[in-house]
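Structure first, commentary second.
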Ligand code: DGL
């Protein structure tokens, strides 16, 4: 089923929310950029903190989590759902994309044509599940089959962010260890292909110049804005944003600070 917008919205008054999800605070790196570009929208955000980290889960588990989240957003009348999570975009998007009545924006499938246009040696650092799927190299090859893409899993990085251990020496070592592996390939650019990784920039900068890192959410946010604008699905007045988690709202509020200051504690929902 291809999503069709049957809403007649010539006045930009489609007040239904845009919904985001991730395993935790990572998706806020996307959300904060979209919100800057589209300040008049209403927003929902779900962090599946009980099931974090997604990168260590099986395909079956990820399909179950994502389907429940999509259904939750359907019940909230979302007009679009942003998969602000590389892991679920890699593993579940193709299987689930036709099952719901809203637009779905998956991060990997949305940004790979932009990455392919860079036509340089690219390192992709992502969760074990994203790397195992080869979603980045496959998508980039569709647009630029000659491009050299080197994929590398960073098993511990998500927990460093969620457990706010960014300043601990052990965390710095764990980041350094993976980054050093990219030297074998000598990439021109390194893609932070998990939405949690931009939180680690202070550590990453200790070992490589900041310019080498690509945060795909910069392109992703613009793509979402362009598509909602062309689809005539924008709103003209911000009224609410609402955050949900599946466990530990205090931790979510604390860990999120670097990218977005949440005013109220997120509501716990068990899906
Ligand atoms: N932030 C998500 C991603 O982009 C999920 C990370 C995880 O929970 O392992 O892949």
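Hey, can you tell me all the residues within region 33-55 that are within 16 Å of the ligand (Cβ to nearest atom) and more than 21 Å from residue 248 (Cβ to Cβ)? Once the filter is applied, which keeps residues that are within 16 Å of the ligand (Cβ to nearest atom) and more than 21 Å from residue 248 (Cβ to Cβ), region 33-55 yields 33, 34.
So which residues in region 184-199 are at positive phi and within 10 Å of the ligand (Cβ to nearest atom), if there are any at all?
Once the filter is applied, which keeps residues that are at positive phi and within 10 Å of the ligand (Cβ to nearest atom), region 184-199 yields nothing.
Filtered by the rule that a residue be assigned to a loop (DSSP other than H, G, I, E, B), out of contact with any strand residue (DSSP E or B) (no Cβ under 6 Å at 6 or more places or on another chain) and over 22 Å from residue 257 (Cα atoms), region 152-204 gives 155, 183, 184, 186, 188. Scanning region 220-231 for residues that are assigned to a loop (DSSP other than H, G, I, E, B) and within 16 Å of the ligand (Cβ to nearest atom) gives no hits. Taking only region 205-219 into account, find how many residues are assigned to a helix (DSSP H, G or I) and either over 23 Å from the mean Cα position of the chain (by Cα) or without any contact (Cβ under 8 Å) to a residue 12 or more places away in the chain (or both). Qualifying residue count, region 205-219: 5.
Among the candidates 123, 89, the residue that is touching a helix residue (DSSP H, G or I) at 6+ places or on another chain (Cβ under 6 Å), within 29 Å of residue 238 (Cβ to Cβ) and either at pLDDT below 95 or buried (at least 23 other Cβ atoms within 10 Å of the Cβ) (or both) is uniquely 89. Within region 237-261, the residues that satisfy the criterion of being at pLDDT below 95, in a loop (DSSP other than H, G, I, E, B) and surrounded by fewer than 19 Cβ atoms within 10 Å (Cβ to Cβ) are 257, 258, 260, 261.
When 211, 177, 202, 181 are screened for being more than 16 Å from the ligand (Cβ to nearest atom) and under 16 Å from residue 29 (Cβ atoms), only 202 passes.
The values are calculated or read from the model by the stated rules, or taken from the named source; none is laboratory data. All values derive from a computational prediction rather than experimental measurement. Using ideal geometry, Cβ is built from the backbone for each residue, glycine included, and neighbour counts are taken over all protein chains shown.
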